[in-house]
Amino acid sequence: MKKMLTVLTTALTAGAAFAVLAPQNATAGDRDRHDDRVPLVIGHRGASAIRPEHTLLSYEAAIKLGADYIEPDLVSTKDHVLVARHENEIGGTTDVENHPEFASRKTTKTIDGVAVTGWFTEDFTLAELRTLRAKERIPDLRPDNTAFNGLAQIPTFDEVIELAQKKGVGVYPETKHPTYFDSIGLSLEEPLLAALKRHNWDGSRAPVFIQSFETTNLKQLRPLTRLPLIQLVNGTGAPYDLVVAGDKRTYADLVTPDGLRDVARYADGVGVATSWIVPVGPDGKLLQPTSVIKDAHRRGLKVHTWTIRPENSQLPVDYRLGNPASPTYPRATGDVMGWLERLFGLGVDGVFSDDPGIARATRDRLFS
């Protein structure tokens, strides 16, 4: 009897361990069959709350924490290779300023109507970018991440895909500043689709979403791919391609019932700022939820929301914890699980999270 109990205990323990590890070791085919009734957890720039964003270190951490998808923002090098950076300006995310051989490349450019000074990926070949090392973008908020400064290179999109396929998760690439990159002859969409095709992730069942804050490039992509497209919707402002075209529509117009009907003609979902789901009042506290989720679902659109961050300063006032007088209060972890519970309860189909481990644990507890 004791031997039988030992065998059973061992089997149950192994089963429990497999249940925990399965998300990281599942095949790409398993991810194709994700239960649509269960919201996705998207590792925002990887696991950027605990590793410098858009590095393989960050993506690997996100996968281990249980992300269903990892999100690379894509910009182009001078030799037209797609790399993962939140912006094409890399002064804040690499050690380029410590490389005297690149000092003369510091310049000022107008990106989406805004003057930006620094170093830009489109002025470097991939080989030159490989000599740089990544660093934490917001060290005051995430000082622990600075321990990883200098350890990682800028990854290519191909490398991100290869990691995702090896570990059995999906990719959720964003084209950054597509109108700008078109203007300098470095269009992002063609190499994006080519990279996915090289890795056999161009079919309708591939675990890939393609997202953009602009509208024109998504409309151009629609007849070229069967992959789902996501229209990103910022909390303020307007898509830059519409601004350039003299179109007066704003992001607010995109999430009206009529706007969502138009989006549904070329996209499969919307990636909205959380403020479009639960607005924030002048005092920083949450107001009543909107009808955006219901309106989008009526038009067959998925609703993914961004960005869920664990720090007090990044959470609605309602979900902050601790002593506001403490100097560490802004970066202390608030009630991020409570905020996630609220969003999941409202019916979102996925969340972009800087700490996908917290999002995964909350999701699994609610939907198990």
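Taking springs between alpha-carbon atoms closer than 10 angstrom, which of Ser212, Ser326, Ser204 fluctuates most in the Gaussian network model of the chain?
Ser326
For Gly170, what residues show an amide H to amide H distance below 5 Å, using hydrogens built from the backbone and excluding near sequence neighbours?
Tyr69, Ile70
In whole percent, how big is the carbon plus sulfur part of the accessible area of the range 102-259, probe 1.4 Å, protein atoms only?
For the range 102-259, the apolar C and S fraction of the accessible surface comes to 52 percent.
My understanding is that a pair violates if its Cα-Cα distance is over 24 Å; which of Lys78/Lys176; Lys109/Lys135; Lys219/Lys248; Lys106/Lys248; Lys176/Lys197 do that in this structure?
Going by Cα-Cα distance, Lys106/Lys248 fall outside the 24 Å limit.
Apply the Karplus curve 6.51 cos²θ - 1.76 cosθ + 1.60, θ = phi - 60°, to the phi angles in the range 151-160 and return the couplings in whole Hz, x for Gly and Pro.
Whole-Hz 3J(HN,Hα) from phi for the range 151-160: 8, 10, 8, 6, x, 7, 4, 4, 5, 5.
Give the percent of DSSP beta bridges with both residues in the range 262-364 that are antiparallel, rounded to the nearest 5.
Numbers: 2 of 10 bridges.
Approximately 20 percent, going by the DSSP bridge assignments.
List, in order, the whole-Hz ³J(HN,Hα) value for each residue of the range 60-72 obtained from phi through the Karplus relation with A = 6.51, B = -1.76, C = 1.60 and θ = phi - 60°; use x for Gly and Pro.
4, 5, 4, 5, 5, 7, x, 5, 7, 9, 10, 10, x
Based on Cβ point charges of +1 for Lys and Arg and -1 for Asp and Glu, what charge dipole magnitude is obtained for the range 235-368 about its Cα centre, in debye rounded to the nearest 20?
Here the size comes out at about 200 debye.
For q = 0.08, 0.10, 0.12, 0.13 Å⁻¹, what log10 I(q)/I(0) does the chain give under the Debye formula with an equal point scatterer on each alpha carbon and no solvent?
For the chain, the Cα-only Debye profile gives -0.41, -0.64, -0.93, -1.10.
Excluding residues fewer than 8 places away in the same chain, name every one of the lysines whose C-alpha is closer than 19 Å to that of Lys64.
Of all the lysines, those that pass the test against Lys64 - Cα under 19 Å, at least 8 places apart if same chain - are Lys166, Lys167.
From the C-alpha gyration tensor of the range 137-196, pull out the three semi-axes of the equivalent ellipsoid (sqrt of 5λ each), sorted largest to smallest, in whole Å.
26, 19, 10
Counting pairs of alpha carbon atoms under 8 Å apart in space and at least six apart in sequence, what relative contact order in percent does the chain give?
Relative contact order, the chain: 17 percent.
Under the rule of at least 5 residues apart or a separate chain, name every residue whose amide H is placed under 5 Å from the amide H of Thr94.
When sequence neighbours closer than 5 places are left aside, the close amide H contacts are Lys135.
Please give me the summed charge of the neighbours of Pro173: other residues whose Cβ is under 9 Å from its Cβ, Lys and Arg +1, Asp and Glu -1.
Cβ neighbours under 9 Å give a net charge of -3.
I want the antiparallel fraction of DSSP beta bridges within the chain, as a percent rounded to 5. Before the final figure, lay out the partial values.
Numbers: 13 of 41 bridges.
So the antiparallel bridges amount to about 30 percent of the total.
Which value, in nm² and rounded to one decimal, describes the direction-averaged projected area of the C-alpha convex hull of the range 115-274?
11.7
Residue-wise, which Karplus ³J(HN,Hα) couplings in Hz belong to the range 270-282, taking 6.51 cos²θ - 1.76 cosθ + 1.60, θ = phi - 60°, and x for glycine or proline?
10, x, 9, 4, 4, 5, 7, 9, 10, x, 10, x, x
Taking amide H positions as placed 1.01 Å from N in the peptide plane, with prolines and chain starts having none, which residues 5 or more places from Ile308, or on another chain, fall under 5 Å of its amide H?
For Ile308, the qualifying residues are Phe352, Ser353, Asp354.
Could you work out the helix-only [θ] at 222 nm for the chain, with each DSSP H run of four or more residues adding -39,500 (n - 2.57) and the total divided by the number of residues, to the nearest 500 deg cm²/dmol?
Calculated from helices alone, the mean residue ellipticity at 222 nm is -9000 deg cm²/dmol.
I want the local charge near Thr94. Using Cβ-Cβ distances under 12 Å, sum +1 for each Lys or Arg and -1 for each Asp or Glu among the other residues.
In short, -2.
Using a 1.4 angstrom probe and counting only protein chains, how large is the accessible area of Val81 in Å², to 10?
40
Where is the GNM fluctuation largest for the chain (alpha-carbon springs, 10 angstrom cutoff): Pro228, Pro173, Pro282?
Judging by the Gaussian network model, the answer is Pro282.
Counting only heavy atoms of protein chains, what accessible area per residue, in Å², does the range 55-199 have with a probe of 1.4 Å? Show your work: numbers first, answer last.
On the way: 5660 Å² over 145 residues.
Accessible area per residue: 39 Å².
Could you work out the equivalent-ellipsoid semi-axes for the range 178-237, taking the square root of 5 times each eigenvalue of the Cα gyration tensor, largest first, in whole Å?
Gyration-tensor ellipsoid for the range 178-237: 21, 16, 9 Å.
Defining a contact as two alpha carbons under 8 Å apart and six or more residues distant in sequence, what relative contact order in percent does the range 31-173 show?
Numbers: 272 pairs, mean separation 41.2, N = 143.
Over the range 31-173, the number comes to 29 percent.
With a 10 Å cut-off between alpha carbons and a GNM built on the chain, which of Glu136, Glu53, Glu128 moves the most?
Glu128
Using square roots of five times the C-alpha gyration tensor eigenvalues, list the equivalent-ellipsoid semi-axes of the range 206-342 in whole Å, biggest first.
Equivalent ellipsoid semi-axes, largest first: 31, 16, 14 Å.
The values are calculated or read from the model by the stated rules, or taken from the named source; none is laboratory data. Every value quoted in this text rests on a predicted model; they were computed, and no experiment measured them. Here Cβ is always computed from backbone atoms with ideal geometry, including for glycine, and neighbour counts include all displayed protein chains. In case anyone asks, the SASA skips ligands and DNA or RNA and just uses the protein heavy atoms, side chains included. Shrake-Rupley method; radii C 1.70, N 1.55, O 1.52, S 1.80 Å.
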